[in-house]
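First up is the structure itself, then whatever we jot down about it.
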Amino acid sequence: MKRSAGVMAYRRAPQLEVLVGHPGGPFWARKHEGAWTIVKGEYGDHEPPEVAARREFREETGVACEGPLIELGTAQLKSGKVIVAYAAEMQLDPDELISNEIEVEWPPRSGKRIRIPEIDRFAWCSPDEARTLLNPAQCVFVDRLQAILGA
């Protein structure tokens with residue numbers, strides 16, 4: 001079973017907003033609602049999920065996530081992958097975040113490889129906007145953060 005760990009950054013400006021990212025590359029180029037994600041990535045058996053979540057946040061945003069984390073539990077994607085999520089209060093400018101690049105085969109089964117940003121853009125959004133943009137399985141993290149913060 002594949003597992004991912006991630007951090008959903010949030011701010012109170014003055015209302016609660018969460019940071020979401022849009023996957024990069026041609027497959028995701030025209031996908032919008034339901035395609036966005038929290039900042040996350042896969043981890044192995046010998047890496048604690050909190051360590052992986054912080055590593056992935058740095059890789060995909062270019063910013064270290066060093067403050068305290070709020071545990072948001074797990075969610076399972078349709079693919080079967082389980083995501084362990086945390087939240088961290090942070091002040092970030094989405095236009096200044098720089099994602100790492102990954103190599104993918106494109107077009108599929110062509111044997112050709114291209115380099116793409118793992119996340120091509122970031123946005124702060126209200127919890128309601130996040131529920132529209134996020135992969136549906138990840139919306140539970142927004143719900144849990146709101147419940148914890150009483151927002």
Complete set of residues in the range 59-76 that are out of contact with any Leu (no Cβ under 8 Å at 6 or more places or on another chain), assigned to a strand (DSSP E or B) and either open to solvent by 30 Å² or more (accessible area, probe 1.4 Å) or modelled with pLDDT under 95 (or both):
71, 73, 74, 76
Can you list residue pairs whose Cβ atoms sit under 9 Å apart, with the first residue in the range 117-143 being within 17 Å of residue 70 (Cβ to Cβ) and the second being at pLDDT below 95 and hydrophobic (A, V, I, L, M, F, W, C)? Count only pairs 6 or more apart in sequence or on different chains.
127/151; 138/77
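State yes or no: is residue 42 in contact with a Lys or Arg (Cβ under 9 Å, 6 or more places away or on another chain), touching a residue at least 40 places away in the same chain (Cβ under 8 Å) and either basic (Lys, Arg) or open to solvent by 60 Å² or more (accessible area, probe 1.4 Å) (or both)?
yes
Just one of 96, 56, 103 is under 27 Å from residue 16 (Cβ atoms) and surrounded by fewer than 16 Cβ atoms within 10 Å (Cβ to Cβ); which is it? Please lay out each step first, then the result.
On the way: 56 fails: surrounded by fewer than 16 Cβ atoms within 10 Å (Cβ to Cβ); 103 fails: under 27 Å from residue 16 (Cβ atoms).
None of the others qualify; the one that does is 96.
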Checking residue 79 against (1) surrounded by 14 or more Cβ atoms within 10 Å (Cβ to Cβ); (2) part of a loop (DSSP other than H, G, I, E, B), the condition it does not meet:
(1)
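So in the range 82-93, with the set limited to residues that are open to solvent by 40 Å² or more (accessible area, probe 1.4 Å) and assigned to a loop (DSSP other than H, G, I, E, B), which one is nearest to residue 148 (Cα to Cα)?
91
The values are calculated or read from the model by the stated rules, or taken from the named source; none is laboratory data. Quantities reported herein were computed from a predicted structural model and do not represent experimental measurements. Using ideal geometry, Cβ is built from the backbone for each residue, glycine included, and neighbour counts are taken over all protein chains shown. Surface accessibility is based on the protein's heavy atoms, side chains included, excluding ligands, DNA and RNA. Shrake-Rupley method; radii C 1.70, N 1.55, O 1.52, S 1.80 Å.
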